[in-house]
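Comments concern the structure below.
The values are calculated or read from the model by the stated rules, or taken from the named source; none is laboratory data. Small disclaimer: the values here were computed from a predicted structure and weren't measured. Don't worry about glycine lacking a Cβ; one is built from the backbone with ideal geometry, like all the others, and counts go over all protein chains shown.
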Amino acid sequence: MPTSRTLLSAGSRLSALLGFFAVAAVAGTLIACVLTPGIALAGTAAKQQIGAFQDLPSNLEITPLDQKTRMYAMDGKKRVLLASFFNQNRESVKWDDVPATVKNATIAGEDVRFYQHGAVDPNGIARALVQNLRGSDIQGASTITQQYVKNVCVQQAEAITDPDKMDAAYKACTATSINRKIREMRLAIGVEKKYSKDEILLGYLNIAGFGGRTYGIEAAAHYYFDKDAKDLSIGEAATLMSIVNNPDKFRLDRKENLEGAEVRRNHILAVERDHGMISAADYEKYSSEDIKTKITPPSTGCETAGTAAFFCTYVQNTILTSPEFGKNPTERRANLYTKGWTINTTIDLNLQKKAQKAVDRYVPQKPGAADVGAATTSVQVGTGRVLTMVQNKTFRPNGAKPRTKYSAVNYNVNEKLGAGAGFQPGSTFKAFTMIGWLKSGHSMNQSVNGNARTIPQSDFYSSCGGVGGQPWEFGNDEDEKGNFTIQEGTARSINGVFASLAEEQDLCKLREIAQSMGVANAAVERYSSGKKKGQIVRNEDGTAKIAPLMIVPAMSIGGASSIAPLDNAVGYATIANKGVRCDAIGIDSITDMDGKKIDIPKADCRRVQPEDLMIAAGYDLRNPVTGYNGNGRGTMSADRLGDGRYLFGKTGTTDNAKDTWAMGSTTKVTTAVWVGNVTGRANLRFVYSPHGCNSGTAYASMRHCIFQAVQRTMNNKYGGASSWPSPASQYVSGGKAIQHADARPQSKPKPAAKISSPSDDKPDEDKKPEKKD
């Protein structure tokens, strides 16, 4: 008596056979009529079948296949692959790159009469029918052309971005139904009218799935055997083509599949032997071999980019957020992962490795007593090209637990481009306060009140609002007292001097100056009220909107907003470029599969500030390097490189030395360095690095060590001028009238401050905590 399992098997077989008979009956009539148009139609049923068949779509739109996008960087004269991005791991090949071993194995395994029959094989249908009636596995008798049609359908379904629509389309392409088979036949006939057999076979080899995300014979050869398809042996070719029969069942990266794959391979080899494609000796040789793979996973995502991993994420996120690459995030991601672009980046891998070595030496990746982070980025003046971008962490795309050596956050960029939200810039922002002072009609040799004090909010002015609240109390790092010239205040980074400069300006104009030069808030804007409170504000193209810099008096000394090192570098590079701002770019070029150039974000170099004003700024910012009047009291005196290049810059230290900065530039390259707390609020003047340089061993000094090492390598390659133009006299000592558009309106004149004698306090090498809001 048959068991229930036997009955079920018999029922399933009967159902499949009935379906197959239906297809065969319809196909027999249709094939005869379509391929032999002169045949006489007999009977209403036959005519209805032909009419219905001819009404089906016959033109298959063959869209471009998903291709792998590759990102490259230069290491000297050598181009190096950083990362690849793909949904389907595919490398399309041309006909001449497919060896006979692969072509023969494909025909033997999938459609041995491929070159003798049309799009649909009547003999194949009959043969399959006999096998099915004899109790063998149910066979579909699909030709290679029909399989190609099905794969094209699946490919197009998987390209649909809407998940529900994609699922429905995929099911329509793969449904076990008579209608799907008949539609497939009709399309196959149309394909063979338009394309040659060789073209169809090549299309099939490039589109076929080989398990997981591996598609096409070339990617399969690389993944399973670590070689090009043209180098596959007879046995290897047959082994790979065994997979397409059932990619999940026969994929070779699962040990449990190898036995079944070997049986399928030997069947293919036997067909090749029986049809004269290989000799009997070849069959004996290759059918007796064990399957020996060399699984070689493809480079995928930024994790494979080594020291350039975080830079890679910056480029990746640039593509995902730039309108040049698509009208919305979904489209941009689809383009990156399917178009097969070649991305050539700006990074210099030789300099990148040296910068990484410096960062890791002075701020180790694994946290010690404090969770200290470090980041540095260098930008080429006049082009905006990012030359290096490193930090003291190993990239891990899924993030990591706090206080480890791993991170997914790029410290060098803003929240939109790397998930970080920047850091308070401290005194590095004083450069822009000084520029605002000069632009509003004042000069460097004027003296102002440099005392620590409490200033009412009413003493400050902003034409766009934002000023108000409690009085602002601040201190001086070395407890400096008295009046100071702007040059000495810049050299010694005296908070009281810059508070006085802020009192004489329109703070709204100060923000405009900084933002015009590229110094933006690193944080994205969020809704402050309503149902969307806390959610990110987005632009029309779906990208996050960057918040404007906050307007408060403390902004004059680098309080309030956070800034990314890359944006700070762009601001200082604008000074070095004498008022012409070039946006940071990480991409030199992108080409598609045909070598056609793709539009990319440009540096868009344009004048944002007057040249003479920037010359004056670069002159004043020399004082932190050499000290005012060359007296060695500058905050960056430890960063003198001694190579004859004109260097200007500024340090920055936030409250309790939570974050520390060193900003510096020659006329060719600008470097930003940040060292600060990743988690916690340790005072970095009292936490020590395993290594130091001539600035000391406290982590607050490591910015100097890193800056020296990085900028020295930049100067060795890119050089820089040995001198800087002299500023116009009105910026130094006043005299000639200057446009006062950026000055605050004066309700009554303020008494002139007297110049006091220089303080005897020591210079700020590692400053005491600044008091800020």
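With GLY642, GLY676, GLY618 as the choices, which residue is of a type outside the set (Lys, Arg) and in a loop (DSSP other than H, G, I, E, B)? Step through it out loud before you land on a result.
Numbers: GLY676 fails: in a loop (DSSP other than H, G, I, E, B); GLY618 fails: in a loop (DSSP other than H, G, I, E, B).
Exactly one of GLY642, GLY676, GLY618 is of a type outside the set (Lys, Arg) and in a loop (DSSP other than H, G, I, E, B), namely GLY642.
Number of residues in the range 621-638 that are surrounded by 21 or more Cβ atoms within 10 Å (Cβ to Cβ) and assigned to a helix (DSSP H, G or I): the value is 5.
Yes or no: ASP643 over 23 Å from the mean Cα position of the chain (by Cα), on the phi < 0 side of the Ramachandran plot and either surrounded by fewer than 24 Cβ atoms within 10 Å (Cβ to Cβ) or among the charged types (D, E, K, R) (or both)?
Working: over 23 Å from the mean Cα position of the chain (by Cα): yes; on the phi < 0 side of the Ramachandran plot: yes; either surrounded by fewer than 24 Cβ atoms within 10 Å (Cβ to Cβ) or among the charged types (D, E, K, R) (or both): yes.
For ASP643, the condition - over 23 Å from the mean Cα position of the chain (by Cα), on the phi < 0 side of the Ramachandran plot and either surrounded by fewer than 24 Cβ atoms within 10 Å (Cβ to Cβ) or among the charged types (D, E, K, R) (or both) - is met.
If only one of PRO758, PRO690, PRO763 is surrounded by fewer than 20 Cβ atoms within 10 Å (Cβ to Cβ), farther than 20 Å from ALA370 by Cβ and at pLDDT below 95, which one is it?
Working: PRO690 fails: farther than 20 Å from ALA370 by Cβ; PRO763 fails: surrounded by fewer than 20 Cβ atoms within 10 Å (Cβ to Cβ).
Result of the check over PRO758, PRO690, PRO763: PRO758.
Please state which one of ALA514, ALA452, ALA499, ALA491 is modelled with pLDDT of 95 or more, closer than 28 Å to GLU415 by Cβ and among the hydrophobic types (A, V, I, L, M, F, W, C).
On the way: ALA452 fails: closer than 28 Å to GLU415 by Cβ; ALA499 fails: closer than 28 Å to GLU415 by Cβ; ALA491 fails: closer than 28 Å to GLU415 by Cβ.
So the residue among ALA514, ALA452, ALA499, ALA491 that is modelled with pLDDT of 95 or more, closer than 28 Å to GLU415 by Cβ and among the hydrophobic types (A, V, I, L, M, F, W, C) is ALA514.
Considering SER458, SER463, the condition of being within 41 Å of the chain's Cα centre (by Cα) and over 25 Å from ALA616 (Cα atoms) is satisfied by SER463 alone.
So that you can scan it fast, the table gives a plain yes or no per residue for (1) of a type outside the set (A, V, I, L, M); (2) over 25 Å from ASN317 (Cα atoms); (3) without any contact (Cβ under 8 Å) to a residue 12 or more places away in the chain:
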{"residue": "GLU504", "(1), (2), (3)": "yes, yes, no"}
{"residue": "GLN515", "(1), (2), (3)": "yes, no, no"}
{"residue": "GLY518", "(1), (2), (3)": "yes, no, no"}
{"residue": "TYR527", "(1), (2), (3)": "yes, no, yes"}
{"residue": "VAL537", "(1), (2), (3)": "no, no, no"}
{"residue": "SER561", "(1), (2), (3)": "yes, no, no"}
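Within the range 286-309, the set of residues being in a loop (DSSP other than H, G, I, E, B), farther than 30 Å from ARG70 by Cα and in contact with a helix residue (DSSP H, G or I) (Cβ under 8 Å, 6 or more places away or on another chain) comprises GLU289, ASP290, ILE291. Residues that are in a loop (DSSP other than H, G, I, E, B), touching a Ser or Thr at 6+ places or on another chain (Cβ under 9 Å) and at pLDDT 95 or above within the range 723-741 comprise just one, TRP724. Exactly one residue among GLY190, GLY216 is touching a helix residue (DSSP H, G or I) at 6+ places or on another chain (Cβ under 6 Å) and under 20 Å from ILE144 (Cα atoms), and that residue is GLY216.
Only one residue in GLU473, GLU504, GLU480, GLU525 is over 19 Å from SER561 (Cα atoms), touching a strand residue (DSSP E or B) at 6+ places or on another chain (Cβ under 9 Å) and acidic (Asp, Glu). Which one? Give the steps one after another, and end with the answer.
Numbers: GLU473 fails: over 19 Å from SER561 (Cα atoms); GLU480 fails: touching a strand residue (DSSP E or B) at 6+ places or on another chain (Cβ under 9 Å); GLU525 fails: over 19 Å from SER561 (Cα atoms).
Unique residue meeting the criteria: GLU504.
Every test in (1) in contact with a strand residue (DSSP E or B) (Cβ under 9 Å, 6 or more places away or on another chain); (2) without any contact (Cβ under 8 Å) to a residue 60 or more places away in the chain; (3) of a type outside the set (Gly, Ala, Ser) is passed by ASP588 save one, and that test is (2).
So is LYS366 surrounded by fewer than 18 Cβ atoms within 10 Å (Cβ to Cβ), out of contact with any Asp or Glu (no Cβ under 9 Å at 6 or more places or on another chain) and not in a helix (DSSP H, G or I) or not? The answer is yes for LYS366. Taking the range 665-697 as the region of interest, how many residues are small (Gly, Ala, Ser) and farther than 20 Å from ASP643 by Cβ? Of the residues in that region, 6 qualify.
For the range 679-699: of the residues being assigned to a strand (DSSP E or B) and of a type outside the set (Ser, Thr, Tyr), which is nearest to ALA564 (Cα to Cα)? Give the steps one after another, and end with the answer.
In the first step, residues of the range 679-699 are kept if they are assigned to a strand (DSSP E or B); the result is 688-693, 696-698.
Retained after the next criterion (residues that are of a type outside the set (Ser, Thr, Tyr)): 690-693, 696, 698.
Values: PRO690: 26, HIS691: 26, GLY692: 25, CYS693: 25, GLY696: 26, ALA698: 23 Å.
Checking each candidate, the answer is ALA698.
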